[in-house]
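Report on the following structure.
The values are calculated or read from the model by the stated rules, or taken from the named source; none is laboratory data. Just so it is clear, the model here is predicted, and its values are computed rather than measured. Positions of Cβ are backbone-derived with ideal geometry, glycine not excepted, and every protein chain shown enters the neighbour counts.
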Amino acid sequence: MHWYDAKGDAAARLRQRKHALLQRLQIPANALPGSLALTHRRCGQPNCHCAQDEGHPLWSLTFMVEGKKHVEWIPDEWVEQIRPLVQQGRDFKDALSEIFAANAQLLALRRRQTVPRRRKKKR
Ligand SMILES: [Zn+2]
């Protein structure tokens, strides 16, 4: 008996979900971490239109490397290429987290189905 051999419908559903995730899981080799955001900046030229409005649109990718936050400005013409790669990265991480969470839930279910021996022998 293994820890992942929990019995019951909940365990069966967890295993089914886990297998479905594993089946379609492929490492997206060009995926990007972090999040893409649009901000606006004024260039500082008094005669530029941006002095009157919210500023020039500026895209950035914010991501963590070894615990440090990085912000990289992204040229407008790159945004449509970058966006799906960021989404792929997020989807992949979510799927991995869900698989590991399913494992932990299976362990918890199995643990609860295991009656400690000491208790069993009690009168
Ligand atoms: Zn300007």
Looking only at the range 6-40, and only at residues there that are exposed (fewer than 15 other Cβ atoms within 10 Å of the Cβ) and in contact with a Lys or Arg (Cβ under 9 Å, 6 or more places away or on another chain), the one that is modelled with the highest pLDDT | Ser35
Quick one: in the range 13-42, which of the residues that are out of contact with any Pro (no Cβ under 7 Å at 6 or more places or on another chain) and part of a strand (DSSP E or B) is nearest to the ligand (Cβ to nearest atom)?
-> Arg41
Among Arg17, Arg24, which is the only one that is farther than 30 Å from Gly67 by Cα and within 24 Å of the chain's Cα centre (by Cα)?
-> Arg17
From the option list Gln45, Gln52, single residue qualifying as modelled with pLDDT under 95, near the ligand (Cβ under 10 Å from one of its atoms) and out of contact with any helix residue (DSSP H, G or I) (no Cβ under 9 Å at 6 or more places or on another chain) is Gln52
Which condition number in (1) assigned to a helix (DSSP H, G or I); (2) free of Cβ contacts under 8 Å to residues at least 40 places away in the same chain; (3) within 14 Å of Gly34 (Cβ to Cβ); (4) not small (Gly, Ala, Ser) is the one that Glu72 fails?
-> (1)
Working only within the range 43-69, note down all residues that are in a loop (DSSP other than H, G, I, E, B), in contact with a strand residue (DSSP E or B) (Cβ under 9 Å, 6 or more places away or on another chain) and without any contact (Cβ under 8 Å) to a residue 12 or more places away in the chain.
-> Cys48, Asp53
Please enumerate the residues belonging to the range 55-93 that are surrounded by 13 or more Cβ atoms within 10 Å (Cβ to Cβ) and of a type in the set (Lys, Arg).
-> Arg83, Arg90
Please work out which one of (1) more than 16 Å from the chain's Cα centre (by Cα); (2) modelled with pLDDT of 95 or more is the condition Trp3 fails and give its number.
-> (2)
State whether the residues of the range 67-81 include one that is within 16 Å of the ligand (Cβ to nearest atom) and not hydrophobic (A, V, I, L, M, F, W, C).
-> yes
